[in-house]
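Report on one structure; see the data block that follows.
The values are calculated or read from the model by the stated rules, or taken from the named source; none is laboratory data. Small disclaimer: the values here were computed from a predicted structure and weren't measured. Note: ideal-geometry Cβ built from the backbone for every residue, glycine included; neighbour counts use all protein chains shown. For the accessible areas, the whole protein counts, side chains as well, though only heavy atoms, and no ligand, DNA or RNA atoms are used. Shrake-Rupley method; radii C 1.70, N 1.55, O 1.52, S 1.80 Å.
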Amino acid sequence: DGRPRATAGRPADEEVSSDSETESPLLGRRRREATEEEVEETPQEKKLRLAKQYLEELRQLEEERAEEEEDLEPADLIGDRLKEDVLEQKGRLQRLVAKDVNPASIRVLRGHQLPVTCLVISPDNRFIFSASKDGALIKWEVDSGKRLCVVPGGKKGTEERHMGHASHVLCMAISSDGKYLATGDRNKLIMIWDAATCKRLHIFTGHRDAVSGLSFRKGTHQLYSASHDRCVKVWDVAENAYVETLFGHQDVITGLDSLSRECCVTAGGRDGTVRLWKIPEESQLVFSGHQGSIDCIQLINEEHMVSGADDGSLALWGLTKKKPLALARQAHGEQDAQGLQQPYWISAVAALRNSDLLATGSHSGSVKLWKCGEGFRKLEHLWDIPVVGFVNSLKFSATGDFLVAGIGQEHRLGRWWRMKEAKNSICIIPLKKKTTASGPESPGSS
């Protein structure tokens, strides 16, 4: 009947609750399986096998590339690629791309009735998924700007019958293989979707307040969620299962991010802290440096992150230091509010992964592009891209060819102001590379 089948013997679209705080059978099984595996293969053997497999994949990749580029100068491509992969795992990879970026003319996609609150780009850069305070979810095609799929928002209490959200959607995430999309709403629900068809697969319940942050661990179907109930939950989407809950923040969590390690980072709003959660150890590291409410966060690589606050500050962090490595105060300047000079709030941050390029959003009339200095110890302002309205979400395409902004007449988390002149929309900002000598143009660049 075309309905997606849920795995693990559960009916499709079944609710999974995290209310029972006992260890889930999945966690126990994961631990048992891990020990069984070790009997069959020692860590050294596994390391050797994976290393051989990895080198073989690299060789094949470089052979294919070499065939395409026979006329170019030969280089130690495998060596370079290995160096990059090692740096990426250590969290030290910082490709220097910021100096070559040059924003081009913006494309605007209209379709949401109310402010756009969150968006993600599919891993292949072909699609954008966005959601809004109207509860709707839209899948867009990047090249044509067409709406491929619209799941409208419903009335409160109709989530079971109706296929969409019945309250403000606040956050979303897509798995690194592009298979699953997760969305979180003000009504405490997490919905899991088939990204290809926009069919809803499951509803996860268990948070006791608005779900404000979601992220899939890279290379897995493990999902981390954060909420205004101050806790972080871990789910296994492929198994349709709740795994565990972590506590620690003293105020609502406003944002969350993760990469390939088994950990995630969160922004803790008015508790003034950013936290790194180590999932297997069930421990956390606490970072502080902003004065106001920390409203957004993103990892740059495995060892560095960026966060923004409503005191107007933008902070760069290393995961081994408790204080920021660099801090830009009033990053978007000041506004005159009822005769008082107030800094523009930072409402969104984005990082081009493993590079030195960042973007920030506010309601100051522009999206700003920044360069992280050597060793992430300096923030240098590069460009202002004119955008009217609250920038509630920012994402770079994987290749850095374009930046997408989710715009609203209001802030993602509240109704403190309304900017009537703003359009609730998606803005696609092409980032032209100044230098054309860097090989063939990658697909998806406009």
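Add +1 for every Lys or Arg and -1 for every Asp or Glu among the other residues with Cβ under 11 Å from the Cβ of LEU96, and state the total. List each step's numbers first, then the result.
Values: positive: ARG95, LYS99, LYS371; negative: ASP100, ASP356, GLU374.
The answer is 0.
If you plug each phi of region 336-341 into the Karplus form 6.51 cos²θ - 1.76 cosθ + 1.60 with θ = phi - 60°, what whole-Hz ³J(HN,Hα) values come out, in order, with x for Gly and Pro?
Calculated HN-Hα couplings, in order: 9, 10, 6, x, 10, 7 Hz.
So what are the three principal axis dimensions of region 251-307 from its Cα atoms, in whole Å, longest to shortest?
Dimensions of region 251-307 along the principal axes of its Cα atoms: 29, 22, 16 Å.
Carbon and sulfur: what percent of region 303-364's accessible surface (1.4 Å probe)?
Its accessible area is 44 percent carbon and sulfur atoms.
Over the C-alpha atoms of region 169-310, what are the Rg and the largest Cα-to-Cα span, Dmax, in Å?
That works out to 14.0, 43 Å for Rg and Dmax.
Mean projection of the alpha-carbon convex hull of region 254-367 over all orientations, in nm²?
6.9
Whose amide H sits under 5 Å from the amide H of LEU379, counting only residues 5 or more places off or on another chain, with H placed in the peptide plane?
When sequence neighbours closer than 5 places are left aside, the close amide H contacts are GLY373.
Past the 26 Å Cα-Cα mark, which pairs from LYS218/LYS278; LYS323/LYS371; LYS47/LYS321?
The answer is LYS47/LYS321.
Treating the beta-carbon of each Lys and Arg as +1 and of each Asp and Glu as -1, no other charges, what is the dipole magnitude of region 250-368 about its Cα centre, to the nearest 20 debye?
In debye, rounded to 20, region 250-368 gives about 240.
HN-Hα J couplings of region 225-242 from phi, Karplus 6.51/-1.76/1.60, θ = phi - 60°, integer Hz, Gly and Pro as x?
These are the phi-based 3J(HN,Hα) values: 10, 10, 9, 5, 7, 6, 10, 10, 10, 10, 10, 10, 6, 5, 8, 6, 9, 7 Hz.
Hey, can you find the accessible area per residue of region 344-424 for me, probe 1.4 Å, expressed in square angstrom?
Dividing the accessible area of region 344-424 by its residue count gives 35 Å².
If we count every other residue with Cβ under 11 angstrom of LEU246's Cβ, Lys/Arg +1 and Asp/Glu -1, where does the sum land? Present the calculation step by step, with values, prior to reporting the outcome.
On the way: positive: ARG230, LYS233, ARG275, LYS278; negative: GLU244, GLU281, GLU282.
Summing Lys/Arg as +1 and Asp/Glu as -1 gives +1.
Could you work out Rg/(2.2 N^0.38 Å) for region 161-225, with Rg from alpha carbons only? Walk me through the intermediate numbers first.
Numbers: Rg = 11.1 Å, N = 65, 2.2 N^0.38 = 10.7 Å.
Normalised Rg, Cα atoms only: 1.03.
Summing +1 for each Lys or Arg and -1 for each Asp or Glu, what net charge is found among the other residues whose Cβ lies under 10 Å from the Cβ of SER227? Don't skip to the end; give the middle numbers.
On the way: positive: LYS188, ARG208, ARG230, LYS233; negative: ASP209, ASP229.
Computed value for this residue: +2.
Taking the solvent-accessible surface of protein heavy atoms with a 1.4 Å probe, what is the per residue accessible area of region 106-189 in Å²?
Solvent-accessible surface per residue comes out at 41 Å².
Does region 315-372 come out rounded, prolate or oblate, given a ≥ b ≥ c as the square roots of the eigenvalues of its C-alpha gyration tensor, rounded meaning a/c under 1.5 and, failing that, prolate meaning a/b above b/c?
Details: a/c = 3.26, a/b = 1.69, b/c = 1.93.
Cα axes put region 315-372 in the oblate bin.
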